[in-house]
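Below is one structure; the comments refer to it alone.
The values are calculated or read from the model by the stated rules, or taken from the named source; none is laboratory data. Just so you know, these numbers come straight off a predicted model, no measurement behind them. No Cβ is skipped: glycine too gets one built from the backbone with ideal geometry, and neighbour counts run over all protein chains shown. When the accessible area is computed, the model is the full protein with side chains, heavy atoms only, and any ligands, DNA or RNA have been set aside. Shrake-Rupley method; radii C 1.70, N 1.55, O 1.52, S 1.80 Å.
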Amino acid sequence: MSERRPHVVIVGGGFGGLAAAKALRTVPVHVTVIDRSNHHLFQPLLYQVATGVLTPGQIGSPIRNILRSQRNTTVILGNVAGLDVQKKCVFVDGSDRSTVPLPYDFLVLATGVNHSYFGHDEFAQYARGLKTLADAVAIRNKILHAFEQAEAEEDPRRHRDLLTFVLVGAGPTGVETAAAIAVLIRDSLKSEFRRIDLASARIVLLDMAPRVLGSFSERLSTAAKRRLELLGIEVRLGHAVEGIDADGVIVAGERIPSRTVIWTAGVAPSAAGKWLGVPTDRTGRVRVHPDLSVPGHPEVFVIGDTASLDQEGGPLPGVAQVAIQQGRYAARLINRRITGRAAPRAFRYLDRGSLAVVGKGFALLQSGKIQIAGFVAWLAWAAVHLQFLAQSSLRVNVFVQWVWTYITGQRGSRLIVNHRGAQPPETGVGG
Ligand SMILES: Cc1cc2nc3c(=O)[nH]c(=O)nc-3n(C[C@H](O)[C@H](O)[C@H](O)COP(=O)(O)OP(=O)(O)OC[C@H]3O[C@@H](n4cnc5c(N)ncnc54)[C@H](O)[C@@H]3O)c2cc1C
């Protein structure tokens, strides 16, 4: 009879969970990866799906397919609804069953974050966030439909609302999406419409912070703002949004009429902290020990965006590299524990730098003392993003698409896809 292998349950097949699963490939354990969606998603390129450069299939891969040659790993499509740390099991909701218990010896929670509307959940129906492929396709539908609606509209006064795109939040997602909409209009749509004046389209980027891309140095942030303005984007900083409704956005007492508002401002961690009943930080992220385990439960690890750990006096950022490095660390620690070896030293994040793209051929690179803005940074951005796509087929595919789009302005997918039948997408959040 074969010896029972320890069971490692990983909740979440995003950057952290997938890195942990891969690092357990040769370890004598049985691994179960549970995710509520069937695909691993490369979120940094979501904005390119939202603006039609890439198709959903170019940035997402089935988790089952990525892990197909990993014999010790099972993948389950299901939503984890809670867990019992005393009985050591998670409860999984499937498509036809709910609260199915799944026992574990080690648990890795890598459940990421959701949108946060900072207490204004009523904004959600008018301003969709960008977090999933469904979000990206809905936003793409909405942007493209606004142009179609304006072209069909005889009254030019209505063009103003239809051709005004407002992004709330000037972090990387807001900046990258705003710039990408500007390039979409300039490079791809300009020759295709007859009745509307595309030069009158307005893109407004809002943030309550005093500068864009606050995690970058002041010099790079200023360069990004200048670039956004060169692309014709109105950048309005220093004021919180007061209201969002079907007619647009209210900021600093002024209404900006718009039919397309995109929320790129805030995130809130998953429910992992509530499930565990352990201390969390102000935002709800689980406070983890330096070995990423949670207080009182050395067999439970929380990693990635939903974990909170300080290094050099400040919290680690919610970025893919933190999640990947933490996933690998948790796997190494589990390996050492079950093979009776000493635990590795406390987790330490190795910051390789940050990148953000601002339209065609322009990016920011900040790594230690190196600070570059422009084309060279854009080449670095492209190389790094290609390298981190989950599968080699996607790397080739995305590279070819980028070259084609760069040269011709033609995009991977500008289809308005309505999954609900023949009606046009909703004028609210988008279908
Ligand atoms: C639009 C956008 C752009 C970004 N750009 C960058 C960038 O340029 N560079 C960078 O470093 N980072 C970027 N990030 C952040 C980066 O994507 C995250 O830091 C990273 O994904 C965190 O990894 P994670 O494993 O913690 O969570 P995720 O990668 O979000 O994975 C969480 C997984 O858990 C699953 N899940 C959640 N709850 C449950 C549940 N209850 N049951 C089952 N499964 C569940 C989800 O389906 C998901 O697959 C961006 C994020 C977004 C949204």
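Springs between alpha-carbon pairs under 10 angstrom, Gaussian network model over the chain: which of ALA224, ALA252, ALA124 fluctuates most? Top of the fluctuation ranking is ALA252. A cut-off of 5 Å between modelled amide H atoms, ignoring neighbours fewer than 5 places along the same chain, links ALA356 with LEU364.
The candidates HIS39, HIS239, arranged from most to least accessible area with a 1.4 Å probe in the full protein assembly, appear as HIS239, HIS39. Three principal axis extents describe the C-alpha atoms of segment 85-203; from largest down they are 65, 32, 29 Å. Short-range pairs are left out: with C-alpha atoms under 8 Å and at least six residues apart, the relative contact order of the chain is 21 percent.
About the centre of its Cα atoms, segment 310-384 shows a dipole size close to 440 debye [charges on the beta carbon of Lys, Arg (+1) and Asp, Glu (-1) only; nearest 20 debye]. Net length available on complete extension from SER217 to ALA240 is 6.1 nm, with 0.36 nm assigned per residue and the Cα-Cα distance removed. Its alpha carbons give segment 207-246 an Rg and a Dmax of 11.6, 37 Å. The alpha-carbon atoms of segment 130-198 define a convex hull whose volume equals 87 cubic angstrom per residue. Heavy atoms of the protein chains alone define the surface here; on that basis the chain has 46 Å² accessible area per residue at 1.4 Å probe size.
Separation of segment 9-85 and segment 278-303 by C-alpha centroid, Å? Taking the Cα centre of each part, segment 9-85 and segment 278-303 sit 21 Å apart. In this rough spin-label picture, where each label sits 7 Å from Cα along the Cβ direction, the SER69-TYR349 distance is 3.2 nm. Pairwise Cα separations in the chain fall into 20 Å bins from 0 onward with the following percentages, short to long: 25, 55, 19, 1. Here the Karplus curve 6.51 cos²θ - 1.76 cosθ + 1.60, taken at θ = phi - 60°, turns the phi angles of segment 41-46 into couplings of 10, 8, 4, x, 9, 4 Hz, with x standing for Gly and Pro. Bridgeable lysines around LYS87 (alpha carbons under 30 Å apart, same-chain partners fewer than 8 residues away excluded): LYS22, LYS274. Stokes-Einstein, applied to the Kirkwood radius of segment 163-276 over Cα pairs at a viscosity of 1.306 mPa s and 10 °C, places its translational diffusion at 105 µm² s⁻¹.
Label reach from ASN114 (point 7 Å along Cα→C-beta): in segment 275-309, amide nitrogens under 13 Å belong to 275. Between ARG194 and GLU229, the modelled labels are 3.9 nm apart [label points 7 Å from Cα along Cα→Cβ].
Sorted on the mean count of surrounding Cβ atoms within 10 Å across their residues, most packed first, peptides 306-313, 95-102 read 306-313, 95-102. Placing a pseudo-label 7 Å from each Cα along the Cα-to-Cβ vector at ALA152 and GLU122 gives an inter-label distance of 3.1 nm.
To the nearest ten degrees, helix 392-408 and the longest principal axis of the Cα atoms of the chain are 10 degrees apart. For the chain, the carbon plus sulfur part of the accessible surface works out to 53%, probe radius 1.4 Å. In this structure the amide hydrogen of GLY266, modeled in the peptide plane, comes within under 5 Å of the amide hydrogens of SER116, none closer than 5 places in sequence on its chain.
Between the amide H of HIS39 and those of ILE63, distances stay under 5 Å, these residues lying 5 or more places away or on another chain, with hydrogens modeled in the peptide plane.
Within the same chain, lysines fewer than 8 places from LYS142 are excluded, and of the rest, those with a Cα less than 27 Å from its Cα are LYS131, LYS190, LYS225, LYS360.
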